[in-house]
Amino acid sequence: MAEADYIVVGSGINGLTCAALLGKRGKKVAVLEREDVVGGCMRTDEITVPGYRHDVMAATFVLFITSPAFAKLGDDLARHGLEFCHTDHPTAVVRPDGESLVFTTDRATNAARFDALAPGEGDRLRGEVGVVEQDAELLFGLLGGSLWSWDTAKLLFREVRKRGARGLAARLGEAMRPGRTWLETSFRSELARDLFAPWVLHAGLGPETAFSGEMARIIAFALEAAGAPIVKGGSAVAPAAFASLIDEYGGEVRTGADVAEIVLSDGRATGVRLADGTTLSAREGVICSVTPTQLYGRLLPASEVDEDTRRHTEAYRYGKGDMQIHYALKAPPKWKTPGLEKVALTHLTPGLDGVSKAVNECERGMLPETPTICVGQPHALDSSRCPDGAGVLWLQLPEIPRHVKGDAAGGLEAPADGAWTEALREAYADRVEAILASHIDDFADNVLGRRVYSPADLEAMNINLVGGDPYGGSATIDQFFIWRPFANSVNHRTRVKGLYHIGASTHPGPGLGGGSGFALAERL
């Protein structure tokens with residue numbers, strides 16, 4: 001490819017979104033991916049048994065199909081083969097005793113189920129999701145827009161006119177509530193609380209963390225409005241569609257292109273140098289969809305990193321690790337609890353207190369005694385994932401320590417250096433499997449294959465998953481919004497002219513929404 005207008009380093013959802021939008025506006029964009037497959041965390045492989053296609057990491061695209069990026073690119077991506085599969089039953093919770101609650105995409109049905117738990121619970125649910133609808137412009141404007149911009153200033157001015165300055169301050173203060181506070185003050189039923197409590201984990205938070213209550217409420221609204229869709233054929237179809245679209249616009253997506261250094265000329269980013277020595281030029285800028293550690297510790301020459309940025313980079317914190325477990329089944333699982341057959345994502349947990357306990361254990365470096373287990377059933381939405389009559393399970397455990405200090409249950413020995421080993425990985429997966437099997441009849445006899453990825457395995461597949469953190473860094477309030485990645489960050493600019501920073505480590509944070517890529521493309 002001849003000289004590009006922009007070079008994008010990293011082919012995750014943000015890099016691809018940014019490249020596609022710039023390409024649609026006539027810019028020539030080169031996307032460089034160091035791995036041999038495009039897509040970052042969007043990867044699908046036959047990792048257990050031939051004929052079974054597993055989403056190795058990311059699986060659910062509710063944030064993408066509700067995003068402004070999808071509104072602009074959805075039809076184009078559909079032309080290139082991107083199609084989604086849906087269910088009316090996006091999520092459920094199951095307690096150890098089998099008591100369960102299934103959440104649907106129909107508000108009346110959900111309200112009726114909540115009313116059966118406690119008098120007036122359905123109205124309380126309507127009220128909570130109604131708050132998100134009522135405040136949608138404010139919430140999604142802040143979560144999806146460039147915060148340091150006239151658009152955000154005008155949004156806040158409108159809100160002040162509508163609510164008054166004190167009213168807006170009160171609403172923003174309410175948004176800072178931890179998940180536990182929101183759940184215990186909004187719902188009377190413990191089962192209703194237990195349904196939403198695990199979802200804070202998918203925002204990189206815990207139920208005791210500031211802002212996790214608002215995120216849980218927003219997620220409840222999104223699940224009811226849009227479900228929990230997956231990509232037909234596997235999540236890898238999404239980056240393939242992006243790559244084809246970028247090619248249509250005259251751009252290029254190149255795999256196996258490990259960027260070793262950003263090239264500068266007169267203090268401006270003008271290209272990159274690959275590990276093989278090849279130099280690629282960019283007329284207008286270089287866009288890096290990486291962690292701050294990668295950008296300022298590896299890619300940007302040390303002489304170009306000022307002391308303030310170096311200090312912030314060293315202080316940047318990564319969050320909890322993740323474990324993925326995949327099963328190939330002879331037949332769909334026979335759940336002991338009825339009504340789970342068509343649910344996209346089911347959480348197995350003792351409930352709100354159980355989530356809190358597991359998060360606390362993880363954050364102290366301990367293997368949780370009873371982890372929260374998120375169970376996806378891709379076959380229930382997309383029959384192409386496995387042979388006819390078979391089943392596929394996708395398990396995510398979002399409360400796994402990056403470095404292991406011990407075992408909260410006391411049964412497993414932590415390595416002296418805290419590093420994950422194959423033996424520890426499989427032993428902990430056995431604990432998880434025992435919990436899973438307690439909810440499914442004849443589970444062991446139904447398994448054809450299992451594949452487990454520890455936090456260390458995930459980082460080995462994607463350099464941006466530091467310690468297996470899939471969220472690009474801790475998403476606590478001091479590293480979120482205008483403080484992401486750093487307290488002095490301004491949107492997606494860096495202190496180097498022509499160099500931009502996007503990805504999960506930047507606003508609006510993690511998830512498959514493509515938000516930072518969209519925001520930067522809009523500005524450029």
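Data for the structure
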{"read-out": "Surface accessible to a 1.4 Å probe, per residue, for the residues of the chain, Å²", "value": "38"}
{"read-out": "Helix-derived mean residue ellipticity, 222 nm - over the chain, DSSP H n ≥ 4, -39500 (n - 2.57), to 500", "value": "-10500 deg cm²/dmol"}
{"read-out": "For the chain, with +1 on Lys and Arg beta carbons and -1 on Asp and Glu, the positive-most of ASN488, ILE65, PHE103 along the dipole", "value": "ASN488"}
{"read-out": "Cα-based radius of gyration of the chain once divided by 2.2 N^0.38 Å, which approximates compact folds", "value": "0.95"}
{"read-out": "Potential extension, SER149-GLU99 segment - 0.36 nm per residue separation minus Cα distance", "value": "13.2 nm"}
{"read-out": "The stretch 185-198 - phi-based ³J(HN,Hα) in whole Hz, Karplus 6.51/-1.76/1.60, Gly and Pro as x", "value": "8, 9, 10, 8, 7, 5, 5, 5, 5, 5, 4, 8, 4, x"}
{"read-out": "Peptides ranked, highest mean first, by Cβ atoms within 10 Å: ranges 16-24, 272-280", "value": "16-24, 272-280"}
{"read-out": "Residues whose placed amide H lies under 5 Å from that of VAL253, excluding near-sequence neighbours", "value": "VAL31"}
{"read-out": "Highest to lowest packing among 155-164, 322-331, scored as the average C-beta count within 10 Å", "value": "322-331, 155-164"}
{"read-out": "Out-of-range pairs (alpha-carbon distance over 24 Å; input LYS330/LYS357; LYS24/LYS154; LYS28/LYS497; LYS27/LYS497; LYS27/LYS154; LYS27/LYS72)", "value": "LYS330/LYS357; LYS24/LYS154; LYS27/LYS154"}
{"read-out": "Share of alpha-carbon pairs per 10 Å distance bin for the stretch 213-338, given as whole %", "value": "9, 22, 28, 24, 13, 4, 0"}
{"read-out": "Alpha-carbon centroids, the stretch 192-214 and the stretch 237-262: separation in whole Å", "value": "35"}
{"read-out": "Charge dipole magnitude, Cβ of K and R +1, D and E -1 - the chain, Cα centre, debye nearest 20", "value": "1560"}
{"read-out": "Kirkwood Rh in Å, taken over all unlike Cα pairs in the stretch 169-241", "value": "13.5"}
{"read-out": "Given charges at beta-carbon only (K, R positive; D, E negative), |dipole| of the stretch 198-280 in Debye", "value": "140"}
{"read-out": "In sequence order, calculated HN-Hα J values of the stretch 339-353 (Karplus, 6.51, -1.76, 1.60; Hz; x Gly/Pro)", "value": "x, 9, 4, 10, 6, 6, 9, 10, 9, 9, 7, x, x, 3, 5"}
{"read-out": "Loop-located GluC sites (Glu not before Pro) in the stretch 311-412 whose Cβ has at most 14 other Cβ within 10 Å (DSSP)", "value": "GLU341"}
{"read-out": "Per DSSP, loop trypsin sites (Lys or Arg not before Pro) in the stretch 429-524 with at most 16 further Cβ within 10 Å", "value": "ARG495"}
{"read-out": "Sites matching trypsin sites (Lys or Arg not before Pro) across the stretch 25-111 that sit in DSSP coil, with at most 15 neighbouring C-beta atoms within 10 Å", "value": "ARG25"}
{"read-out": "Rg followed by Dmax, in Å, when the stretch 84-155 is reduced to its Cα trace", "value": "17.0, 53"}
{"read-out": "Total charge dipole magnitude, the stretch 63-172, about the Cα centre, Cβ charges on Lys, Arg, Asp, Glu only, Debye to nearest 20", "value": "680"}
{"read-out": "Inter-part distance where the stretch 44-98 and the stretch 273-287 are each reduced to a Cα centre, Å", "value": "33"}
{"read-out": "Dipole of the chain [Lys/Arg +1, Asp/Glu -1 at C-beta], most positive-end residue of LEU139, GLY321, TRP150", "value": "TRP150"}
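The values are calculated or read from the model by the stated rules, or taken from the named source; none is laboratory data. Note that this is a predicted model, so its numbers are computed, not measured. With ideal geometry, Cβ positions are generated from the backbone for all residues, glycine too; neighbour counts draw on all protein chains shown. Heads up: the accessible areas ignore ligands, DNA and RNA and are worked out on the full protein's heavy atoms, side chains in. Shrake-Rupley method; radii C 1.70, N 1.55, O 1.52, S 1.80 Å.
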